């Protein structure tokens, strides 16, 4: 934990698990779910496609803002302000088999490796948010290992097969921190 995270962590209430819907504790929650990636480069667009699926399949409380961050730029900095949690969804190269889902609890440290062009922007945005004391103490990156990053609009079979599981992991995390998430009726 860096100094800015420690400072911003001091006076924030911790989410309580297993609260009733009447007392969900959501009044202090302000969660950003940010999908990033380039949908024109096949699996590189997995984060954006995951937030699209999240919006299609689930209703989240007003304590959650779901954003298609595309290829990330400094214009996203304002989305980081006053958040209790940030959940980022992205294609990440970790050396695992294509389609493998990973959870990274220290995205700024992981993104310093700069494994794709948009992650340079995301690392910079998170760095500025930390310097300006706008990086919330709770940041998690949910990533999926890409197979192909060539020009194309469709995901590889391996990534496509695990996209719903990736979305379900994010929904599980939202529920764990106290967010009311409901599946939409089909």
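The values are calculated or read from the model by the stated rules, or taken from the named source; none is laboratory data. Worth saying up front: this structure is predicted, and the values here are computed from it rather than measured. Counting neighbours? That spans all protein chains shown, and the Cβs are built from the backbone with ideal geometry, glycine included.
Data for the structure
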| quantity | calculated |
| --- | --- |
| Any hit, region 44-54, residues being in a loop (DSSP other than H, G, I, E, B) and crowded, with 16+ Cβ neighbours inside 10 Å | no |
| Yes/no for residue 173 being modelled with pLDDT of 85 or more and closer than 23 Å to residue 40 by Cβ | no |
| Verdict on residue 179 being part of a loop (DSSP other than H, G, I, E, B) and more than 17 Å from residue 37 (Cβ to Cβ) | yes |
| Complete set of residues in region 89-100 that are modelled with pLDDT of 95 or more and buried (at least 22 other Cβ atoms within 10 Å of the Cβ) | 89, 99 |
| For residue 160: the one exception among (1) more than 25 Å from residue 108 (Cβ to Cβ); (2) touching a helix residue (DSSP H, G or I) at 6+ places or on another chain (Cβ under 8 Å) | (2) |
| Residues located in region 45-61, provided they are over 16 Å from residue 175 (Cβ atoms) and in contact with a helix residue (DSSP H, G or I) (Cβ under 8 Å, 6 or more places away or on another chain) | 46, 49, 50, 53 |
| So residue 155, is it in contact (Cβ under 8 Å) with a residue 24 or more places away in the chain, assigned to a helix (DSSP H, G or I) and either touching a helix residue (DSSP H, G or I) at 6+ places or on another chain (Cβ under 7 Å) or surrounded by 14 or more Cβ atoms within 10 Å (Cβ to Cβ) (or both) | no |
| Any hit, region 23-32, residues being crowded, with 19+ Cβ neighbours inside 10 Å and over 22 Å from residue 122 (Cα atoms) | yes |
| Selection within region 101-130 - in contact with a helix residue (DSSP H, G or I) (Cβ under 8 Å, 6 or more places away or on another chain) and at pLDDT 90 or above | 101, 103, 104 |
